[in-house]
Amino acid sequence: MGPGEAVAILAAGTAAGGVNAVVGSGSLITFPTLLAFGYPPVIANVSNNIGLVPGNLSGGFGYRRELEGQRGRLIRLGVASAIGALIGAIALLSLPSAAFRLVVPVLILISCVLVLVQPWLAAWIRTRRNDESDGERGDRAGPLLSAGVCLSGMYGGYFGAAQGVLVIGLLGSFLDETLQRVNGAKNILVAMVNGTAAVVFILLSHVSWAAAALIAVGSTAGGLLGSRFGRRLPPMALRLFVVAIGVVSAVKLIFF
């Protein structure tokens with residue numbers, strides 16, 4: 001790995017950590033970066049997943065005030081997330097790499113759509129909440145939400161770009177919480193998914209440790225910065241940047 005490649009991967013990790021803390025689609029930055037430098041898709045995905053775990057944790061730390069009072073809920077939902085991540089990670093390692101190359105472009109494009117529609121999703125969630133009278137709703141963190149979180153964990157264990165958007169949508173729909181508290185909970189659940197998948201990958205798969213380490217350093221710093229300053233960034237500009245990278249990555253996987 002040359003100095004230029006190392007700097008680019010480190011910068012991508014930093015950007016991904018910040019994006020994950022705020023929006024939840026940082027893999028659409030780091031994964032294409034690794035592909036551009038010639039890493040095979042599965043190794044790129046595995047190394048990227050491991051490298052982003054510290055950034056997930058630093059992003060969660062940055063939202064620690066919003067996490068107050070959510071411990072019990074996050075333990076329950078965290079177990080569901082971990083189970084889903086275990087299934088997704090095993091599926092990634094069990095299926096032929098050709099299947100990954102076939103499926104991932106579709107997943108990336110779906111993730112890009114989710115990133116674009118997230119503002120409208122958030123507005124819909126707020127409208128639903130405002131339309132309901134006080135005291136009628138409460139938290140419905142029951143089996144249906146747990147099942148949805150488990151499914152999002154399966155997706156995250158297999159690939160995971162924009163899984164944060166999925167989790168925000170789920171939590172915001174079922175919980176009577178502000179979006180900032182939902183975002184804090186999202187960071188913890190995504191960290192559970194990526195952490196569980198990382199353990200599987202470390203034990204059973206080949207990892208590019210140099211790439212993973214660079215992403216880990218960058219994503220840790222990016223997670224702290226994103227949780228602190230991310231709300232000041234123009235949201236649509238950030239989303240368009242992420243989507244552009246995702247489309248380029250999908251095209252590269254399909255045609256090259």
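The values are calculated or read from the model by the stated rules, or taken from the named source; none is laboratory data. Quick caveat, the model's predicted, so the values are computed rather than measured. Every residue, glycine among them, receives a Cβ derived from its backbone with ideal geometry; neighbour counts consider all protein chains shown. These area figures cover heavy atoms from the full protein model, side chains too; ligands, DNA and RNA do not enter into them. Shrake-Rupley method; radii C 1.70, N 1.55, O 1.52, S 1.80 Å.
Things worth noting here:
- Where helices (runs of 4 or more DSSP H) sit wholly within segment 1-117, those with at least 1 residues that are among the polar types (S, T, N, Q) and within 23 Å of THR178 (Cα to Cα) occupy 3-22, 41-62, 71-94.
- Only one of the listed residues (GLY138, GLY160) is modelled with pLDDT under 75, outside any helix (DSSP H, G or I) and open to solvent by less than 40 Å² (accessible area, probe 1.4 Å). That residue is GLY138.
- Tally, over segment 7-31, of residues that are surrounded by fewer than 24 Cβ atoms within 10 Å (Cβ to Cβ) and under 17 Å from ILE50 (Cβ atoms): 1
- When segment 66-96 is filtered for residues that are small (Gly, Ala, Ser) and surrounded by 14 or more Cβ atoms within 10 Å (Cβ to Cβ), the ones remaining, listed by number, are GLY78, ALA80, SER81, ALA82, GLY84, ALA85, GLY88, ALA89, ALA91.
- Positions within segment 185-215 being surrounded by fewer than 24 Cβ atoms within 10 Å (Cβ to Cβ) and more than 28 Å from LEU77 (Cα to Cα), in sequence order: HIS206, VAL207, SER208, TRP209, ALA210, ALA213
- Neighbours by Cβ (under 8 Å, 6+ apart or cross-chain): first from segment 40-67, under 23 Å from SER227 (Cα atoms); second open to solvent by 10 Å² or more (accessible area, probe 1.4 Å) and basic (Lys, Arg): GLY62/ARG228; GLU66/ARG181; LEU67/ARG181
- The criterion of being part of a helix (DSSP H, G or I) and either modelled with pLDDT of 80 or more or buried (at least 19 other Cβ atoms within 10 Å of the Cβ) (or both) holds for ALA147.
- Close pairs from segment 6-30: first more than 15 Å from ALA211 (Cβ to Cβ), partner in a helix (DSSP H, G or I) and open to solvent by 20 Å² or more (accessible area, probe 1.4 Å), Cβ under 6 Å, at least 6 apart: GLY18/LEU225; LEU28/ILE245
- Conditions (1) assigned to a helix (DSSP H, G or I); (2) modelled with pLDDT under 85; (3) more than 17 Å from the chain's Cα centre (by Cα): number failed by VAL182: (3)
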